[in-house]
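These notes are about the structure you will find just below.
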Amino acid sequence: MTSAMTCPACGSTEVSSSASIQEIAVPFSEPAVVDEVVDVCRVCGTEGDFLDRNQARVEVAVDAATRESVRRMIDGLGNQGITMAYFERAMRLPQRTLARWKGGECSSPGVALLRLVSTYPWLLEVADDSFDAIAAQQKVVEAASRVLRGMVRRQEAYGPVLAGQPVSTVSQPSAGQPISATFVQR
Ligand SMILES: [Zn+2]
């Protein structure tokens with residue numbers, strides 16, 4: 001690069017740059033790690049990304065972490081006995097859709113759907129029942145009952161962990177951890 005960087009505030013070319021590692025949380029993945037640049041004007045003290053280089057780096061890192069998360073979510077569902085074929089059938093997706101997603105061609109709506117199903121795998125059963133309202137309510141109650149039974153089991157094993165703790169700290173399975181659910185494949 002031949003032209004010197006100038007400060008957007010005062011126009012000075014007395015600009016120094018340093019690197020800063022940023023971690024951006026991506027669901028069901030390790031955080032995206034971005035090597036960002038921080039430019040500082042030595043004359044007026046203005047700080048920032050004067051040449052707009054960081055946005056592209058963030059997108060590259062988040063895209064890579066998201067693609068990895070797609071592979072993990074599909075593998076995680078497979079570990080619970082939920083095949084790609086069942087997912088596609090229940091959600092009325094074309095065959096081989098999940099294979100394409102896993103291969104890196106997953107759109108934003110696809111990622112969002114995978115995150116929802118990875119968090120609430122019983123959504124597939126609701127979909128498989130054509131989103132029947134009564135059946136859907138039944139699935140919610142069954143899922144809540146599984147969560148409550150799990151909390152009681154943990155309480156029996158580790159003592160009264162619920163006392164004084166927000167429910168979210170004991171009920172949230174961490175990313176990639178299988179969620180106990182029984183799946184009947186049709
Ligand atoms: Zn300046």
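The values are calculated or read from the model by the stated rules, or taken from the named source; none is laboratory data. Worth saying up front: this structure is predicted, and the values here are computed from it rather than measured. Note that each Cβ is placed from the backbone with ideal geometry, even for glycine, and that neighbours are counted across all protein chains shown.
Anything in region 31-53 that is part of a strand (DSSP E or B) and touching a residue at least 12 places away in the same chain (Cβ under 8 Å)? List them, or say none.
Correct list: ALA32, VAL33, VAL34, ASP35, GLU36, VAL37, VAL38, ASP39, VAL40, CYS41, GLY48.
Among the residues that make up region 45-54, is at least one of them modelled with pLDDT of 95 or more and under 28 Å from LEU114 (Cβ atoms)?
Checking region 45-54: at least one residue is modelled with pLDDT of 95 or more and under 28 Å from LEU114 (Cβ atoms).
Any residue in region 121-146 that is over 17 Å from TYR86 (Cα atoms) sitting within a Cβ distance under 7 Å of a residue that is aliphatic (A, V, I, L, M) and assigned to a helix (DSSP H, G or I)? List the pairs, counting only those 6 or more apart or interchain.
ALA135/VAL126; ALA136/VAL126; LYS139/VAL126
What residue, among those in region 32-64 that are small (Gly, Ala, Ser) and closer than 22 Å to CYS7 by Cα, is nearest to the ligand (Cβ to nearest atom)?
Looking at the filtered set, the residue picked out is GLY45.
If you go through region 94-104 one residue at a time, do you hit one that is within 16 Å of SER29 (Cα to Cα) and surrounded by 14 or more Cβ atoms within 10 Å (Cβ to Cβ)?
yes
From the list SER69, SER17, SER29, which one is of a type in the set (Gly, Ala, Ser) and within 16 Å of the ligand (Cβ to nearest atom)?
One residue alone meets the criteria, SER17.
Kindly list, by first and then second residue, each pair from a residue in region 12-23 that is more than 14 Å from ASP49 (Cα to Cα) to a residue that is more than 14 Å from the ligand (Cβ to nearest atom) and not acidic (Asp, Glu), limited to pairs with Cβ atoms under 8 Å and residues at least 6 apart or on different chains.
Once the first residue is more than 14 Å from ASP49 (Cα to Cα) and sits in region 12-23, its partners that are more than 14 Å from the ligand (Cβ to nearest atom) and not acidic (Asp, Glu) give GLU23/PRO31; GLU23/ALA32; GLU23/VAL33; GLU23/VAL34.
Test of understanding: among ALA112, ALA85, which residue is in contact with a helix residue (DSSP H, G or I) (Cβ under 9 Å, 6 or more places away or on another chain) and either small (Gly, Ala, Ser) or not in a helix (DSSP H, G or I) (or both)?
Exactly one of ALA112, ALA85 is in contact with a helix residue (DSSP H, G or I) (Cβ under 9 Å, 6 or more places away or on another chain) and either small (Gly, Ala, Ser) or not in a helix (DSSP H, G or I) (or both), namely ALA85.
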